[in-house]
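Visitor: Starting off with a structure, shown below.
The values are calculated or read from the model by the stated rules, or taken from the named source; none is laboratory data. Predicted model, so just to flag it, every value in this text is computed and none were measured. When we count neighbours, we look across all protein chains shown, and the Cβ atoms used for this are built from the backbone with ideal geometry, even at glycine.
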């Protein structure tokens, strides 16, 4: 792979996927001085980026035709395969020395497959899933978990700095995705605890904002409690991260655990509860909407409380 130096004002950035998180992340790169070409299935979701000066491409391959570094953050592994390896995928438009950066939470095995396909034509590839949700994306303080070759990871430092605060190279191809599975497993059981605790407090007749003053900063505290707890109390279940995407992530983690001979009963329970939540019509709500499924089990109409 030919050496590439990444520098605002010179390096051309491509971005595939301008949803809840992707639009903010790409926006930060533009704000740092990178020119950008973008693609999304729904062009209207790229409107804010186009207003900031980004150019539009009609396909992922079209993005790569006009970019030195192509980022993607889409929904599911099938989407990743399509936008990067498909007939009109970005890899088909890449030249030797270009880089692919997939920031979708996806399968470790697919990250390795993309790496090998890219390497065969002199293109660098890293998997770099993120944590921090919509707020972290907007405020450029995401945690970025990276798998890939050290020289490629290092070259991308100006881009990492524009989007995140906690930037860690975890190892070779697929290591970023495996680390994200650790992250999602931690969140899964914690969200059950957050939602059950608030449901208990409500049924006990407590004022939940007052309860938060006592519990959010001690040993029981967590990011989910501090950031999503207030949204739950306010009946605001708008997505920072979609339920349907979290179900996808847990499914990947459970499949990987099975392959490694691991039993993860807490993760399996959370997966089942979220499947129930999705069946109740909340697949496009935020992950904190788990409160609604648990309230339903208890016969509590949470939104009418």
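Visitor: So how many residues does the stretch 19-35 have that are within 23 Å of residue 238 (Cα to Cα) and over 13 Å from the mean Cα position of the chain (by Cα)?
Guide: The first filter runs over the stretch 19-35 and keeps only residues within 23 Å of residue 238 (Cα to Cα), leaving 19-28.
Subset that is over 13 Å from the mean Cα position of the chain (by Cα): 26-28.
Qualifying residue count for the region: 3.
Visitor: Provide a single number: the residues in the stretch 228-253 that are in a helix (DSSP H, G or I) and within 30 Å of residue 215 (Cβ to Cβ).
Guide: To start, the set of residues in the stretch 228-253 that are in a helix (DSSP H, G or I) comprises 228-233, 243-253.
Keeping just the survivors that are within 30 Å of residue 215 (Cβ to Cβ) gives 228-233, 243-247, 249-250, 253.
Of the residues in that region, 14 qualify.
Visitor: Continuing with this model, one more query. When you scan the stretch 1-48, how many residues do you find that are in contact with a strand residue (DSSP E or B) (Cβ under 8 Å, 6 or more places away or on another chain), in the same structural domain as residue 154 (by TED's automatic domain parsing) and farther than 19 Å from residue 160 by Cα?
Guide: Number of matching residues: 4.
Visitor: Need at least 3 residues that are surrounded by fewer than 24 Cβ atoms within 10 Å (Cβ to Cβ) and over 15 Å from the mean Cα position of the chain (by Cα) per element, so show me which helices (runs of 4 or more DSSP H) inside the stretch 63-165 make the cut, counting only ones lying wholly within it. If you could, list the steps in order and put the result at the bottom.
Guide: On the way: elements: 77-80, 108-119, 133-138, 150-155, 157-163.
The qualifying helices (runs of 4 or more DSSP H) are 108-119, 150-155, 157-163.
Visitor: I need the full set of residues from the stretch 23-43 which are closer than 22 Å to residue 241 by Cβ and assigned to a loop (DSSP other than H, G, I, E, B), in order please.
Guide: If the condition is that a residue be closer than 22 Å to residue 241 by Cβ and assigned to a loop (DSSP other than H, G, I, E, B), then 40, 41, 42 are the ones that fit.
Visitor: Taking the stretch 252-274 only, how many residues are buried (at least 16 other Cβ atoms within 10 Å of the Cβ) and either within 19 Å of the chain's Cα centre (by Cα) or more than 16 Å from residue 195 (Cα to Cα) (or both)?
Guide: First, pick out the residues of the stretch 252-274 that are buried (at least 16 other Cβ atoms within 10 Å of the Cβ): 252-254, 256-257, 264, 267, 270-271, 273-274.
Within this subset, residues satisfying the condition of being either within 19 Å of the chain's Cα centre (by Cα) or more than 16 Å from residue 195 (Cα to Cα) (or both) are 252-254, 256-257, 264, 267, 270-271, 274.
Of the residues in the stretch 252-274, 10 are buried (at least 16 other Cβ atoms within 10 Å of the Cβ) and either within 19 Å of the chain's Cα centre (by Cα) or more than 16 Å from residue 195 (Cα to Cα) (or both).
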